[in-house]
Amino acid sequence: MTAADAHRAILAVWRIEQPRLITSLARMLRDVPLAEDLTQEALLAALERWPVTGVPEKPGAWLMASAKRRALDHLRRGRMLERKHEMIAWDMEEQQQAMPDLDSALDDDIGDELLRLIFTACHPRLSREARAALTLRMICGLTTEEIARAFLLPNATIAQRIVRAKRTLSESGLAYETPRGQELSERLSSVLEVVYLVFNEGYTAASGLDWLRPQLCNEALRLGRVLASIAPHEPEAHGLLALMELNASRTAARIDAAGEPILMLDQNRALWDQFQIRRGMQALGRVRELGGAGGVYALQAAIIACHTQARTAGETDWSRISGLYAELAAIVRSPIVDLNRAVAVGMAEGPEAALAIVNRLVCEPALTGYHLLPSVRGDLLHRLGRYEEARAEFAAAAALAGNRRERNLLMRRAADAADAAMSA
Amino acid sequence: MRFMFIVKSAHPGPPTPELLEAMNKLADREIKAGRLLDMGGLTPLVTGAQVRIADGQLGVVDGPFVEAKEVIGGYAIFELPGKEEAVASATEFMQLHKDLFPGWEGVCELRAFASSGS
């Protein structure tokens, strides 16, 4: 085994064990950032020793013993005079004596502890970006370097984000606990937001550049499954999971051999991952059982589900999609949602009805400079036979488009409209 | 990456209650960790059948199959970052067998899905 192989093998064990290490230490030390520091030290020790000694037979127990020893040392070295800490240290020694074999990896129910840790990492006091970095680090076991590469940011930026976030957590003395009742729903949305941010960061990336970008999708999906299994009564947790599973099911069909993106309606549906679609539909079914079909994530998932359930693009149930968009538009005021609704209405009812919606969006400041607005408008005008107006819209959209491929496509459509105008 | 773990053994008989309990705990932990997507144990070979093509002929053979040495006892589907994680995970699973099912010998084969992307 080369040093690099050993390194990768150790990180693999680490990713499995790390959340449990942090939660165990956090419970004893009552300090999540400190617990995280000490588990990182245990990892460094493993990275130093295991290449020499080989990976121990029970690597999880080794890491746990090493982390606990560090926690004990820390308490002894530090504020030993403080009675509270003495008590904790004593407790821990008691525990260690009572459990000389630390192979209890399977005996504690990680669920509640993990949920508590996720709520801490995603505390609303932290910025969204800081929450995402801290979550990837503490829950997913990614290193600072991996997070930086995944977000295409310098190491120093991520390192600083993590340090600041941990300081905020330490200084504010935030309780390490799972919120209950009304507070749970509020805090949960702060967690779901972070998970979806991580997912989209990976999903919208031009793929194939770096495995760590798609890796973000997978980590977000995993977090989504974690939340759905440890907070099973929260419909939006299942809604977000459904949305992510259904979106991710199209991954293999989203780019062509040259790496260019393929629009959903043009994708080869045989490449959609049926296993993942089934999982997404199961999660959506769970949302409905819980009476949460009207949630923000659930509605978006239901829209994607309409696409995944259609065997061909032509079989898409556009009137259902436009109905779901109308529901979504009623709870999130967003011109982007309205624009999407217009597209669905255009497919379900025809271009006239859709154009009425789009025309109301033209003055929307949030859509100024957004190329899809003139692009959709051009398409509707073209279908109505108003070719000269359509040409002008496509030309405007091409001028605004961010990437070459889209610009080319829009210029081609402008030229088609111009030809149609000539021969009309 | 999505992996299928296939557990094969020539060892007949059901697992010990201790192993069964430990495997349930491990499965529960892995489901809660979002890594284990699906799993299942398979009934004995005698209840199965094979549909095969040999010499251009289709044929059905009911179990047990005399030539079968190692039998697939169960499978699991995991979503993991990469092969190293899959090996670590399978190692933990097999360690339970070593500790709690004395005398058992077998293989946990892990294979990445061809189409599951990255």
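The values are calculated or read from the model by the stated rules, or taken from the named source; none is laboratory data. Since the model is a prediction, treat every value here as computed from it, not as a measurement. Don't worry about glycine lacking a Cβ; one is built from the backbone with ideal geometry, like all the others, and counts go over all protein chains shown. Accessible surface areas use protein heavy atoms only, side chains included; no ligands, DNA or RNA. Shrake-Rupley method; radii C 1.70, N 1.55, O 1.52, S 1.80 Å.
Based on the Cβ-Cβ distance from A:E171 to A:L44, what FRET efficiency comes out when R0 is 30 Å, to the nearest 0.05?
It comes out at approximately 0.75.
For helix A:335-348, what angle does its Cα long axis make with the longest principal axis of chain A, in degrees from 0 to 90 and rounded to 10?
Its long axis makes an angle of about 50 degrees.
May I ask you to list the lysines whose Cα is less than 24 Å away from that of B:K25, ignoring any residue fewer than eight positions away on the same chain?
Within reach: A:K58, A:K68, B:K8, B:K83, B:K98.
Taking the 0 to 90 degree range and rounding to the nearest ten, how far is the long axis of helix A:181-203 tilted relative to the main principal axis of chain A, both from C-alpha atoms?
Helix A:181-203 and the main axis of chain A meet at about 70 degrees.
If you fit an axis through the alpha-carbon atoms of helix B:17-32 and take the longest principal axis of the Cα set of chain B, what angle between them do you get, 0 to 90°, nearest 10?
Compared with the principal axis, the helix lies near 70 degrees.
Rounded to whole Å and ordered largest first, report the semi-axes of the equivalent ellipsoid of chain B derived from its Cα gyration tensor (root of 5λ).
Largest first, chain B gives 27, 20, 12 Å.
To the nearest 10 square angstrom, what accessible area does A:K58 show with a 1.4 Å probe?
Taking all protein chains as shown, A:K58 has close to 70 Å².
Would you please classify the overall shape of the stretch A:125-251 from the alpha carbon gyration tensor, given that a ≥ b ≥ c denote the square roots of the eigenvalues, rounded means a/c under 1.5, and beyond that prolate means a/b larger than b/c while oblate covers the rest?
It comes out oblate by the Cα gyration axes.
With the calculation restricted to Cα positions, what are the radius of gyration and Dmax of the protein assembly as shown in angstrom?
When restricted to the Cα atoms of the protein assembly as shown, Rg and Dmax are 27.1, 92 Å.
Rounded, prolate or oblate: which fits the stretch A:373-424 when a ≥ b ≥ c are the square roots of the eigenvalues of the alpha-carbon gyration tensor, with rounded for a/c under 1.5 and prolate only if a/b beats b/c?
It comes out prolate by the Cα gyration axes.
For B:T47 and B:T16, FRET efficiency with R0 = 25 Å and r from the beta-carbon atoms, rounded to 0.05?
Rounded to the nearest 0.05, the efficiency is 0.65.
Counting only protein heavy atoms and using a 1.4 Å probe, what share of the accessible area of the protein assembly as shown belongs to carbon plus sulfur, as a whole percent?
Percent of accessible area from carbon and sulfur atoms in the protein assembly as shown: 55.
Total Å² of accessible surface buried at the A-B contact, 1.4 Å probe, nearest 100?
2500
What shape does the stretch A:275-376 have by the C-alpha gyration tensor, where a ≥ b ≥ c are the square roots of the eigenvalues, rounded means a/c under 1.5, and otherwise prolate means a/b greater than b/c and oblate the rest?
It is prolate, given that a/c is not under 1.5 and a/b is the larger ratio.
Kindly sort A:I230, A:I331 by accessible area of their heavy atoms, largest first, with the probe set to 1.4 Å.
A:I331, A:I230
Averaged over peptide B:90-103, how many Cβ atoms belonging to another chain are found within 10 Å of each residue's Cβ?
Counting Cβ atoms of other protein chains within 10 Å of each residue's Cβ and averaging gives 2.
Pairs of Cα atoms under 8 Å, at least six residues apart: use those to get the relative contact order of chain A, whole percent.
8
Based only on the alpha carbon positions, what is the Kirkwood hydrodynamic radius of the stretch A:1-48, in angstrom?
Taking the inverse mean of 1/r over all distinct Cα pairs, the stretch A:1-48 comes out at 11.2 Å.
Counting just the Cα atoms, what span does the stretch A:202-359 cover along each of its three principal axes? Round to the nearest Å and put the largest first.
44, 43, 27
Ignoring ligands and nucleic acids, what accessible area does A:E389 show with a 1.4 Å probe (Å², nearest 10)?
80
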